[in-house]
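The values are calculated or read from the model by the stated rules, or taken from the named source; none is laboratory data. Because the structure is a prediction, the values reported are computed rather than measured. Reconstructed Cβ throughout: ideal geometry from the backbone, glycine too, with neighbour counts over all protein chains shown. These area figures cover heavy atoms from the full protein model, side chains too; ligands, DNA and RNA do not enter into them. Shrake-Rupley method; radii C 1.70, N 1.55, O 1.52, S 1.80 Å.
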Amino acid sequence: MKLLILLVIVLGIIAIAQLAKVSELTRSLRQVREEDISLADNKMNAFLMLVWMVVFFGSTIYLYVVYGDYLPDSASEHGAAVDRLMDINIIMITIVFFVVNFLLFYFSFKYYYRKERKARFFYHDNRLEMVWTLIPGISMSFIIVYGLITWNKMTSPAAADALRIEVYSKQFDWTVRYPGDNNVFGTADFNMISSDKTLGLVTPERITLQIDTIDGEIAAIKQKLSEGTELLPESWVESMEDKIYRLQRHKQRILDLKEFKAGDNLSTWEAGADDRIVKGEFHIPVNREIEFVFRSQDVIHSAYMPHFRTQMNTVPGVPTRFKMTPTITTKEMREKLGDDSFDYLMLCNKVCGVAHFNMQIKIVVDDEANYNAWLKKQKTFVAQIEEDEPKGAVVPSGNSTVIALADGRSM
Amino acid sequence: MAATEYTVHGHGSHGHHSHEESWISKYIFSQDHKMISKQFLVTAIFMAVVAVMLSIFFRLQLGWPGENFQILNFFLGDKWAPDGILDRNAYLSLVTIHGTIMVFFVLTGGLSGTFANLLIPLQIGARDMASGFLNMLSYWFFAISSCIMIASLFVEGGAASGGWTIYPPLSALPQAMPGSGLGMTLWLISMVLFVVSSLLGGLNYIVTIINLRTKGMKMTRLPLTVWALLVTAILGVLSFPVLVSCVILLIMDRSFGTAFYLSDIFIQGEALDVTGGSPLLFQHLFWFLGHPEVYIVILPALGISSEIISTNSRKPIFGYRAMIGSILAIGFLSFIVWGHHMYVTGMNPFLGSVFVFTTLLIAIPSAVKAFNYITTLWQGNIRFTPAMLFSIALVSTFVTGGLTGIILADSALDINVHDTYFVVGHFHIVMGLSAIFGMLGGVYHWYPKMFGRMMNTKLGYAHFWLTLVCGYGVFFPMHFIGMAGAPRRYYDYSEFPFLDWVMDLNPVISIFAIIGGAAQVLFIFNFFYSIRHGQVAPQNPWGANTLEWTTPVKHLHGNWPGALPEVHRWAYDYSNPAHEEDFVPQTIPLKPGEVGH
Ligand code: HEM
Ligand SMILES: [Cu+2]
Ligand SMILES: [Cu+2]
């Protein structure tokens, strides 16, 4: 195989070399010079310009016809306005595309070199130049104004009674949180994240638990170090000491958090108790304004929902928002498209690592009743904690922690 | 003698030069602008070959996902293409390095480096650049940074893989992906050296154009190539330092525990000790360079095509002053539009509106340029040299790609196509194809000046038509894939059934890419073969007006054997009815009664 590839390459080069030689030879035989473009060659290229133009326009029309319905009708309210704006823009640029490319290729063809003609000495015309400054100027003003009207509408603040939903990203999946019956999200903090509580919700119990866990880890490492380090590589010892330092810093940040927030913010800590956290798929009610609040755990991701004409980056440390009102339920959309397996999706649209290309979550748009029924079935945060952490079993066993640490990855 | 006159003039440190140079000082550490230009060009061709090969590797995966291609295994080895299937991390590395090389090494360093060096002294009538020594340094920084970038492909963990825009935190955290380790470090070092090269070059170009114009060469008589190169250099000098700051802060975050761009991050089981930074700061700094950068890429190409189109239509460029005005307007506006890359970052929507406004304004001078080109062709007497063909194609891609930019500039629409294949289609056509066409056109046109020989025209035709068809064939359909909702930088789309119906375009695109890539062999062969075997060039093969064609075919230090030429008119007196010949070189004095420019 490798040989074959090399062979093809070598043969290809030899073939070109031969071609070049032949053409060079005929040239010198006929006493033609490279810089003198023969009339025949010139005419051929002019003609090819026309042929190319036809092929180019033909393929463009083909693509428009076959692939022009880029997405189904928008399933959100602002999306319908975006689509209208898009249609108008596409029509405008398509017209300009055809006109300008036509003039370019047609003139190239029409004015190919002829011996008897002299080019027109025409280098300046204020009126013409004014015209083609004004035409784009006016078109642009129209596009700007129309575009900004749409933009202002879609980015205006969400209504006070909008349903707020938090979308949380991490390599390489999405988690969605509903604020629960009190309609308030519990406070979250990245210091409170652990491998199974990825959102980092803060509750007094979880603070104690997290501090205990860290203390446990520190103790375990110290234990290991005190058992004698002669046999271990120095770099490992150093990395463990470094790890202790980082764990202590981590603990300190949690203590700060406690001190800072504990006073008056206790209510928001408790507000998290009834938050509902879901993965794999999430539901939203139709015809109700939804304000998405985005957070990210590690790197920038982007929550892209093409069917709703919606996209917003999720940025670690910087919460972002986007509001939209879904208008077509999943069921209706399936009927519309005649496709029973159709689902709305949220895709990651900012490169975020190796599995970026498959970071998706299913969105189900329900009518109000189905949505409420679905939501009821999702466990609250407190219920989840009670389920996987029966009271008492807190500190992980020291040994397993250190072994896990040695590979530098999980704790 | 030229050399003595040269030292007498005392431009920089040229005193020790003489005509009997050693091989090393002639070909390696040359301070002669013509040689440096050729060094840039050959390096850029090498880098372009690498970048095109990388793109074909990942196009194989995109066209036929999961299929095994022995050729991938042959080039990339068992680690990156086990069983001939491209590894997922390797895919991202290839995309990233492809983009980086194309944008910076081929179309910035390569394009400006080649043509600014060749044309500025020759077209303004100077003996060399203001400082030959800095010019040489500029090339060598470029060469070293190219080597480092290429070397980064071979390190453990792979090359940088967060995209050419290297957004942190992804690029800042080695835990986030393998490519953010040593590969990213090398990327950053290479980029700092690259900027040094750009700045040395850019300052030199500006100083040369301002100070060393020959007698009579008023700014309003400069060929448009020189104008374009001047504005390009100014853009570079003003924006590249911001990239350096941006990169240095990133290096600090990566290696010295600072948190300019990082905050509230939990990764690989650890809550990092970083708070208070903002990833958006990076994006503002990056795009403050990043946007002017696209004009740094395109302006020289536009300058080159103005020259070629006018010469080969045998007509003056239409609206010379409007062309200069457009270049200046584009240059200025390009500094206040960077936010159009950030509509979906959560940036304040009102700020977004401001960027919509400034961005769409750029469409106006761009449109003026396009119409001026077309009017230049109108009623011309067109000679289709390969250079002319590429220049006409450039106008087409500039218009086609510019139009889709209108959609991306409109924030309300960008929400839905940002970071999709629509963007990939857009920037490849408006920046990739246009600038590559400008560069290729420039090479065909000035090859006789560079090497004293002609390239083979027939091969040039074949090369052109294949490149044009394949170029559009690759990038035009990408818009439709993007509008259907396909994100960019995806390794595989088969997890998304809603995209299946557009994905049958992908093999077609890949086939065009392979043919288009292969067609470049025609060019490369023609280029290297003609250096020795091409027909010997006449002094002024295209009947052009500019000063470079008044120098002897055989290069000499100081460019003109005798005194410097004196300029009496603008560069565009083609088919002037007051003259017999259809071209009037700039050195010809005005006839009595003739109105000059
Ligand atoms: C043989 C010709 C070329 C082919 C087939 C090609 C193809 C591609 C493809 C498929 C991508 C990946 C898009 C994605 O997944 O995000 C890409 C990225 C890119 N290409 Fe090209 N390209 C070519 C030439 C060029 C040229 C001439 C330029 C110069 C401007 C260029 C600049 C870029 C850049 C900046 C990126 C983005 C890289 C990133 O995502 O970080 N390419 N190219
Ligand atoms: Cu992601
Ligand atoms: Cu930009």
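Computed values, structure above
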item	result
Hz values of 3J(HN,Hα) by residue in segment B:520-526 - Karplus curve (6.51, -1.76, 1.60), Gly and Pro given as x	5, 4, 4, 5, 4, 4, 4
Long-range HN-HN contacts of B:ARG453 with modeled amide H, under 5 Å	B:ALA537
Whole-Å distance, taken between Cα centres, linking segment A:290-340 and segment B:376-418	34 Å
Amide hydrogen neighbours beyond the local backbone of A:THR310, cut-off 5 Å, H modeled	A:MET305
Cα-centre dipole for segment B:214-368 with unit charges at Cβ (Lys and Arg positive, Asp and Glu negative), debye to 20	1200 debye
Positive-end residue of A:PHE98, A:PHE109, A:THR60, charge dipole of segment A:37-155 with Cβ unit charges	A:PHE109
Heavy-atom accessible surface of segment A:37-155: percent carbon and sulfur, 1.4 Å	71 percent
For segment B:38-54, Karplus couplings with θ = phi - 60° (6.51, -1.76, 1.60), whole Hz, Gly/Pro x	5, 4, 4, 5, 5, 4, 5, 4, 4, 4, 5, 4, 4, 5, 5, 4, 4
Whether segment A:37-155 is rounded, prolate or oblate, judged on the alpha carbon gyration tensor where a/c under 1.5 counts as rounded	oblate
Heavy-atom SASA rank of B:TRP287, B:TRP338 (probe 1.4 Å, accessible area, largest first)	B:TRP338, B:TRP287
In segment A:37-155, lysine pairs closer than 26 Å at Cα, eight or more apart or cross-chain	4
Dipole magnitude (debye, nearest 20) for segment A:37-155, charges at Cβ of Lys, Arg, Asp, Glu	860 debye
Leading residue at positive end of dipole, segment B:541-597 (Cβ point charges), from B:PRO552, B:TYR572, B:VAL584	B:PRO552
Accessible surface of B:THR275 - all protein chains present, 1.4 Å probe, nearest 10 Å²	80 Å²
Chain A: antiparallel DSSP beta bridges as a percent of all, rounded to 5	70 percent
Mean Cβ neighbour count within 10 Å, used as a protection proxy, ranking B:431-439, B:54-62 highest first	B:431-439, B:54-62
Farthest toward positive dipole pole in chain B [+1 Lys/Arg, -1 Asp/Glu at C-beta], among B:THR214, B:PHE260, B:SER530	B:THR214
Heavy-atom accessible area order for A:CYS352, B:CYS147, largest first, 1.4 Å probe	B:CYS147, A:CYS352
Average beta-carbon neighbours from other chains, 10 Å sphere, peptide B:492-498	5
Chains A and B, summed buried accessible surface - 1.4 Å probe, Å², nearest 100	11800 Å²
The protein assembly as shown - accessible surface per residue (Å², probe 1.4 Å)	37 Å²
Whole-percent carbon and sulfur share, accessible surface of segment B:422-517, 1.4 Å	73 percent
Segment A:70-125 versus segment B:225-262: alpha-carbon centroid distance in Å	36 Å
On Cα atoms only, tilt of B:457-475 relative to the major axis of chain B in degrees	30 degrees
With DNA, RNA and ligands ignored, accessible area of A:THR329 (1.4 Å probe; Å², nearest 10)	20 Å²
Computed [θ] at 222 nm, helices only, for the protein assembly as shown once each DSSP H run of length n ≥ 4 contributes -39500 (n - 2.57)	-19000 deg cm²/dmol
Inter-label distance for A:ILE95 and B:ASP500, nm, one decimal - labels placed 7 Å from Cα along Cα-to-Cβ	3.9 nm
Average beta carbon contacts from partner chains per residue of A:342-352, 10 Å cutoff	6
Largest to smallest accessible area among B:ASP253, A:ASP69 [probe 1.4 Å]	A:ASP69, B:ASP253
Bridge type composition, the protein assembly as shown - antiparallel percent by DSSP, nearest 5	70 percent
Dipole magnitude of chain B about its Cα centre (Cβ charges: Lys, Arg +1; Asp, Glu -1), debye to nearest 20	1760 debye
Note, ³J(HN,Hα) from phi for segment A:98-107, Karplus 6.51, -1.76, 1.60, rounded to Hz, x at Gly and Pro	5, 5, 5, 5, 4, 4, 4, 6, 5, 4
B:THR550 - accessible surface, heavy atoms, 1.4 Å probe, Å² rounded to 10	50 Å²
Averaged over A:13-19, number of beta-carbon atoms from partner chains that fall within 10 Å	3
